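Participant: One structure is given below, represented as structure tokens, and several questions about it will come after.
The values are calculated or read from the model by the stated rules, or taken from the named source; none is laboratory data. What you see is a predicted model, and the numbers here were worked out from it, not measured in a lab. Cβ placement follows ideal geometry from the backbone for every residue including glycine, while neighbour counts extend to all protein chains displayed.
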Amino acid sequence: MIDRHLKLIAGNANPELAQEISSELATDICEARVEAFGDGEIRVHILETVRGADVFVLQPTCPPVNDNLMELLILIDALRRASARKVIAVMPYYGYARQDRKHTGRVPITARLVANMLETAGADRVLTMDLHVGQIQGFFNIPVDNLRVDSIFADYMRSIEGNMEDVVIVAPDTGATGRARLLAERVDAPLAVLEKRRSQDGKFVKVFNVIGDVHGKRAILVDDMVASGGTLVKAAEILLESGATEVSAYCTHGVFSGDAVVVLEASPLKRVVVTNTITNHCALQSDKINYVSVGGHLAKTIRQVFEDRSVSLLFPHY
């Protein structure tokens, strides 16, 4: 019997997902005021007691990344000062994850800096989903649960793609091979990989080579995020030129920066499937972009963590 309280609190980054998690857990979201002063500084006021509670702060650090990150840090600090027993940051999307290493001289490792900031603010644990690279977990000195979405995508894929005999799962670059392989194994489909070579400054792709057989198959690209959409569109064009009959994409995080939605709408991609770790209202209006929910996945994990049970037992392939 657990003699403590589970509390949820949400920032402004994704209130729809927060409400879904709240409903799944049958737990109300704590009353809190999270707003900005006239000069842009963030003000937080938690309007109910959290003393002795295990508080899960729901806040993906999606665009506007800096505002949402500061909201999260200030919420954690406020909870710590209000005598919460534990503070767990639930950030389904981890902003700055792409800055995970020094790819050239005189650049920061911002993913590590964010980890340091979360620990300094007072987070006891972090729950996130499909990190850009799993090694980011090693930037922390506190537990980090990096939840996978291959089971969610596999279920959705079986429901919408029909007969899977002519499907091939494709990694858009070698870095995405592990992620694509996990999904390919779940749906019992072959795997192909696009070898992507970028210009020295990293700003544009120079060459794509297809490794694997895609001729006469429905190709499904798998990646952790879609930002500008440029890589997916170029990959789709190469796959169609290589004999694929159609191309779709499944990406965990729908960042959709700039005019990405317009670019994808005009592309040869049949559909783009993303999760609701990030809400983009322009993308929600697109017939080509489909959303699947991770709310239930996150709610089960929150319950498991609160009850001091193994997350890997909940998700056997975790």
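Participant: Just to be sure I understand the filter: pairs with C-beta atoms under 8 Å, separated by 6 or more residues or on different chains, first member in region 168-191 and in the same structural domain as Glu246 (by TED's automatic domain parsing) and touching a residue at least 60 places away in the same chain (Cβ under 8 Å), second member crowded, with 18+ Cβ neighbours inside 10 Å and among the polar types (S, T, N, Q). Which pairs pass?
Facilitator: Close Cβ pairs satisfying both conditions: Pro172/Thr231.
Participant: For region 124-169, give me the residue count where each residue is farther than 13 Å from Val187 by Cβ, over 19 Å from the mean Cα position of the chain (by Cα) and not charged (D, E, K, R).
Facilitator: Residues in region 124-169 being farther than 13 Å from Val187 by Cβ, over 19 Å from the mean Cα position of the chain (by Cα) and not charged (D, E, K, R): 2 in total.
Participant: Do we have Ile46 as among the β-branched types (Val, Ile, Thr) and within 23 Å of Asp130 (Cβ to Cβ) here?
Facilitator: no
Participant: Would region 195-206 turn up any residue that is modelled with pLDDT of 95 or more and in a strand (DSSP E or B)?
Facilitator: no
Participant: Of everything in region 10-42 that's in contact (Cβ under 8 Å) with a residue 12 or more places away in the chain and in a loop (DSSP other than H, G, I, E, B), which residue is nearest to Val65 (Cα to Cα)?
Facilitator: Ala13
Participant: Would you list the helices (runs of 4 or more DSSP H) that sit entirely within region 235-318 and hold 2 or more residues that are under 15 Å from the mean Cα position of the chain (by Cα) and on the phi < 0 side of the Ramachandran plot?
Facilitator: 295-306
Participant: May I pose another question? Mind checking which pairs have a first residue in region 116-129 that is touching a residue at least 40 places away in the same chain (Cβ under 8 Å) and a second that is buried (at least 17 other Cβ atoms within 10 Å of the Cβ) and among the charged types (D, E, K, R), Cβ under 6 Å, 6 or more apart or different chains?
Facilitator: Final answer for the pair search is Gly122/Arg80; Leu127/Asp145.
Participant: Enumerate the pairs (first residue in region 243-262 and among the charged types (D, E, K, R); second residue anywhere and surrounded by fewer than 22 Cβ atoms within 10 Å (Cβ to Cβ)) with beta-carbon separation below 9 Å, excluding pairs fewer than 6 apart on the same chain, so at least 6 apart or on different chains.
Facilitator: Glu246/Arg218; Glu246/Leu240; Glu246/Pro268; Glu246/Lys270; Asp259/Ser228
Participant: Restricting region 133-169 to residues that are in a loop (DSSP other than H, G, I, E, B) and touching a helix residue (DSSP H, G or I) at 6+ places or on another chain (Cβ under 8 Å), which is nearest to Thr252 (Cα to Cα)?
Facilitator: The selected residue is Val149.
Participant: Give the residues of region 43-55 that are closer than 15 Å to Arg81 by Cβ and either of a type in the set (Phe, Trp, Tyr) or not in a loop (DSSP other than H, G, I, E, B) (or both), sorted by residue number.
Facilitator: Across region 43-55, the qualifying residues are Arg43, Val44, His45, Ile46, Val55.
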